[in-house]
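Everything below concerns the one structure shown next.
Just so you know, all these numbers are worked out from the coordinates, no wet-lab data involved. Note that the structure is predicted; figures quoted are calculated from it, not measured. A quick note on method: Cβ atoms are made from the backbone with ideal geometry, for glycine too, and the neighbour counts reach across all protein chains shown.
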Amino acid sequence: PTLPALADKHIVITAGPTREALDPVRYLTNHSSGKMGYAIAAAAAKAGAKVTLISGPTVLPVPQGISVHKVESAAQMHQCVMAEMPTCDIFIATAAVADYRCAQVAEQKIKKNSDELTLTFVKNPDILKDVATLAEAPFTLGFAAETQDIEHYARQKMANKKLDMIAANDVSNADIGFNSDQNALLVLWQDGQEALPIASKDKLAEQLVTLLAKRFEEKQK
Ligand code: PMT
């Protein structure tokens, strides 16, 4: 549905996994398919927003009427997101960003010369935190992928990263979360919450965008 609160607002959404190179032929990644983030992008565009989708590697078709930037690593995603911030009203972080990258990407293919291989990783920038702590931060909606004590850890993430809202999902359940067509979300904000029970990612995305529009409108008052 069209949502007046989002009309012509610029919404920037991250989606999918990131890919961290180990050498010219290998990389580290995770099971994110991008389905949740692409569904949110489609729902936000339908609601009347101007949507920019910043996507890690996925095989998904790009929804109509959306501007898409394809990236690979967390560092590239970070740079691409930051470049959109001057015009961004709402930021939604759906991507499963790799927390670490190789300290030194090998210039040549790593040879199997020894029985053990040790690689050193360094922390990636936290894209969502960097956005939420900007002097002129947009409205922020983060995700929390948890395997236990979902509400507790999600509230902690929302406070640590200074977010307006967070959508938590239980990624220990293989029927929902990473790569499945369905999900279930516990959406939290400062003084409230709403549980969105198991449904298709398309349907959940519409429900989430409706909740977001309400909170965003409240904050403008
Ligand atoms: O892509 P699908 O297969 O449809 O699966 C959807 C999903 C399970 C990936 C999605 O619903 C989800 O939970 N996304 C967030 C995954 C995640 O990395 O969560 P996290 O709890 O580690 O991170 C917390 C938040 O910080 C997230 O909004 C994440 O995008 C953001 N983050 C994390 C690390 C980092 N370096 N930069 C970030 O912006």
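For the listed peptides 192-199, 122-129, 139-146, a ranking on the average number of other beta carbons within 10 Å per residue, highest first, reads 139-146, 122-129, 192-199.
Remark: relative contact order (the chain) = 20 percent; criterion is Cα-Cα distance under 8 angstrom and separation of 6 or more residues. The three principal axes of the C-alpha atoms in the chain carry coordinate ranges of 62, 35, 34 Å, sorted with the longest axis first. Measure out, as a whole number of angstrom, how far apart the alpha-carbon centroids of region 177-210 and region 4-67 sit. Going from one Cα centre to the other spans 16 Å. Sequence-distant contacts, meaning Cα pairs under 8 Å at least 6 residues apart, place the relative contact order of region 1-57 at 53 percent.
With the charge dipole of region 40-185 set up from +1 on Lys and Arg Cβ and -1 on Asp and Glu Cβ about the Cα centre, the Cα lying farthest toward the positive end among the listed residues ILE176, GLY56, GLN76 is that of GLN76. Under the convention that each Lys and Arg Cβ holds +1 and each Asp and Glu Cβ holds -1, the size of the dipole of region 4-220 around its Cα centre is about 420 debye. Per-residue packing, averaged as other Cβ atoms within 10 Å, sorts the ranges 34-44, 102-112, 161-171 into the order 34-44, 161-171, 102-112, beginning with the highest. Panel order for PHE121, PHE178, by other beta carbons found within 10 Å of each beta carbon, from fewest to most: PHE121, PHE178.
Extension gain for ALA83 to ALA159 (0.36 nm times residue separation, less C-alpha to C-alpha distance): 24.9 nm.
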